[in-house]
2 protein chains.
Amino acid sequence: MKKVKVAILGFGTVGQGVYRILIEKRSQLKQMLGVDLEVAKILVSNPNKPRPHAAKELLTNQIEEILDIPNLDVVFEAIVGEEPAYQYLDRLIEKGCNVITANKVMFSKHGKSLQEKAAKHGVQVGFEATVAGGVPVIKTMDNLLRVNKVQRIQGILNGTSNYILTQMRGRGMAFEEALEDAQKLGYAEADPYNDISGQDAFRKLMILSELAFKEQPDWKDVKVQGINEITSQQVKEATEKGMRYRHIAVVQKNYKTGEVHATVRPELIDQSHPLYSIEEVNNAVAIEADLLGTVTLVGPGAGMLPTASAMVEDYGDMLTKTKNVISI
Amino acid sequence: MKKVKVAILGFGTVGQGVYRILIEKRSQLKQMLGVDLEVAKILVSNPNKPRPHAAKELLTNQIEEILDIPNLDVVFEAIVGEEPAYQYLDRLIEKGCNVITANKVMFSKHGKSLQEKAAKHGVQVGFEATVAGGVPVIKTMDNLLRVNKVQRIQGILNGTSNYILTQMRGRGMAFEEALEDAQKLGYAEADPYNDISGQDAFRKLMILSELAFKEQPDWKDVKVQGINEITSQQVKEATEKGMRYRHIAVVQKNYKTGEVHATVRPELIDQSHPLYSIEEVNNAVAIEADLLGTVTLVGPGAGMLPTASAMVEDYGDMLTKTKNVISI
């Protein structure tokens with residue numbers, strides 16, 4: 001069976017999840033993918049930090065060591081932030097390596113140029129994990145777009161915000177109290193700014209816009225509002241009317257004017273809305289298409305194993321595609 | 001651009017939907033799929049019946065005329081019932097033709113043998129439209145199965161039953177009244193037996209079982225119960241407790257014993273159940289997998305355009321696969 005060399009860039013929660021799946025599921029993956037995946041290197045910032053789960057000789061802090069691996073087939077990138085992730089992937093693609101990323105901050109900005117470069121070099125880019133973790137939004141959209149026109153996408157794209165809103169309603173908590181609770185449970189970062197300000201959902205929405213409409217609205221025209229100004233009094237009043245606050249990211253295209261318009265903000269919705277029932281840390285995306293109508297996908301929007309699974313599934317998908325550079 | 005010859009078998013609602021999409025979306029499909037799809041023949045039972053939307057010279061009631069089309073690339077099959085659909089597809093595959101079906105009665109029984117035959121002849125079988133219409137359950141499962149083990153699948157697989165239960169709760173209707181309403185709106189057939197007895201959901205569940213577990217439980221061991229015995233009094237009492245009746249098809253595998261177990265019946269569920277909020281004629285499938293957790297897909301489970309779109313999407317997917325016999 002053909003051996004495939006793999007590298008992992010970044011070894012936080014998601015990178016470790018990818019490693020765990022590649023090790024623990026090695027025999028299932030062999031059977032399902034028809035190749036034997038072997039982790040050749042892992043890029044970390046500090047290779048001397050003790051890591052109980054990965055052999056020390058796999059670790060490096062030098063991207064050159066990864067670029068020098070002969071016949072490297074694919075990298076799984078789970079670094080936080082735009083740089084150096086973008087330049088790493090750019091150079092890897094140039095060397096003929098497939099790339100799979102979970103990095104929404106980087107991909108919302110550089111996704112288009114990475115994909116164009118990949119097409120030129122005959123490799124593929126997987127980015128399912130950049131939006132909604134383990135929920136297969138990207139592949140579903142990719143597929144339906146072959147036949148449908150997408151008119152609008154509405155999503156609950158930040159699990160932390162949804163968790164906080166759920167607790168404020170269900171347990172009558174104040175915003176700060178619910179946030180603290182989310183932090184205790186590991187749903188929110190120590191610095192929760194990106195989540196509760198709407199910035200995290202905004203970046204994911206831009207990735208969906210690029211895929212559905214081949215363009216993004218001008219970022220400065222998008223009104224981005226978080227959940228931090230919602231009071232428990234407002235939540236109580238909404239509940240009494242049978243309504244719910246949801247933090248919803250929306251992007252839609254007006255096919256007459258060609259204009260793509262997006263908003264990210266808390267919205268007060270009733271039972272008839274497809275995102276009304278999405279609770280706790282779940283993410284959900286409702287895609288409205290001309291032939292299919294509204295298809296809604298719901299599931300875990302984050303977490304080690306769901307996100308890492310989405311990345312390994314991306315590789316499985318690549319292996320079935322004609323453009324794939326690996327000959328099995 | 002390469003021309004691709006297509007035939008449609010069966011010209012009821014779904015067959016007409018496929019035809020409409022191929023005609024009305026011809027230029028989008030050219031652009032997205034990279035081929036020009038041309039309908040060569042349509043198999044109908046009575047070619048003399050006036051059909052305003054399709055040219056008379058396309059119609060035939062002779063399968064031989066379809067089998068004789070040179071370089072026929074794909075057939076879209078939307079015939080009702082097991083035979084002659086199965087033998088038609090079997091013969092077409094033998095001739096090297098890709099097949100795409102919406103026929104759950106046929107496919108739940110013969111899917112495995114059609115797929116084995118297709119593998120031998122280097123062609124592909126698409127069956128997304130056999131389960132939950134336009135909701136991409138098959139592709140999602142296919143993809144996640146490369147990395148995950150599926151433990152359980154729960155689905156609302158019959159839109160008519162779900163519509164009736166929704167009306168009984170929301171509008172206080174009796175079963176018969178809600179059924180009549182569904183028939184008026186075209187959601188239920190004149191003979192609603194397959195829908196309300198659970199048989200329709202059962203066949204779809206068996207297709208999901210085959211895909212997820214590579215096997216089906218013995219059909220005679222599956223308890224299949226419809227919604228026809230639920231009274232409006234029972235629905236009222238459930239509503240008072242915050243519970244809802246849903247007609248749920250479940251299949252699960254016990255990986256210790258290897259046993260696959262399925263039931264199809266009305267269940268009383270509470271708010272925490274992923275299918276609690278699925279209303280009206282929607283279908284939904286909740287897939288529980290070892291890495292991803294629970295992913296739920298919701299959308300239109302039937303209807304001309306959603307189902308037909310799923311079939312044409314299947315063809316788009318085939319074109320990206322390495323096994324595809326068409327060289328573009």
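The values are calculated or read from the model by the stated rules, or taken from the named source; none is laboratory data. The shown structure was predicted, so the numbers you read here are calculated from the model rather than taken from an experiment. In this analysis, Cβ positions are derived from the backbone assuming ideal geometry, glycine residues included, and neighbour counts consider all displayed protein chains. The accessibility values were calculated without ligands, DNA or RNA, using every heavy atom of the protein model including side chains. Shrake-Rupley method; radii C 1.70, N 1.55, O 1.52, S 1.80 Å.
Observations on the structure shown:
- Per this entry, B:V147 is counted among residues that are in contact (Cβ under 8 Å) with a residue 24 or more places away in the chain, facing chain A (nearest Cβ under 10 Å), of a type in the set (V, I, T) and over 23 Å from B:T263 (Cα atoms).
- Odd one out for A:M318, checked against (1) assigned to a loop (DSSP other than H, G, I, E, B); (2) more than 9 Å from chain B (Cβ to nearest Cβ): (1)
- So A:A78, is it more than 19 Å from the chain's Cα centre (by Cα) and aliphatic (A, V, I, L, M): no
- Test: residue in segment B:193-213 that is of a type outside the set (A, V, I, L, M, F, W, C), open to solvent by 10 Å² or more (accessible area, probe 1.4 Å) and part of a loop (DSSP other than H, G, I, E, B): yes
- Boolean, B:Q183 is free of Cβ contacts under 8 Å to residues at least 24 places away in the same chain, more than 14 Å from chain A (Cβ to nearest Cβ) and surrounded by 19 or more Cβ atoms within 10 Å (Cβ to Cβ): no
- Taking each residue of segment B:293-306 that is more than 7 Å from every other protein chain (Cβ to nearest Cβ) and looking for partners that are open to solvent by 20 Å² or more (accessible area, probe 1.4 Å) and part of a strand (DSSP E or B) with beta-carbon atoms closer than 9 Å, six or more apart or interchain, yields B:G301/B:N282; B:G303/A:G293.
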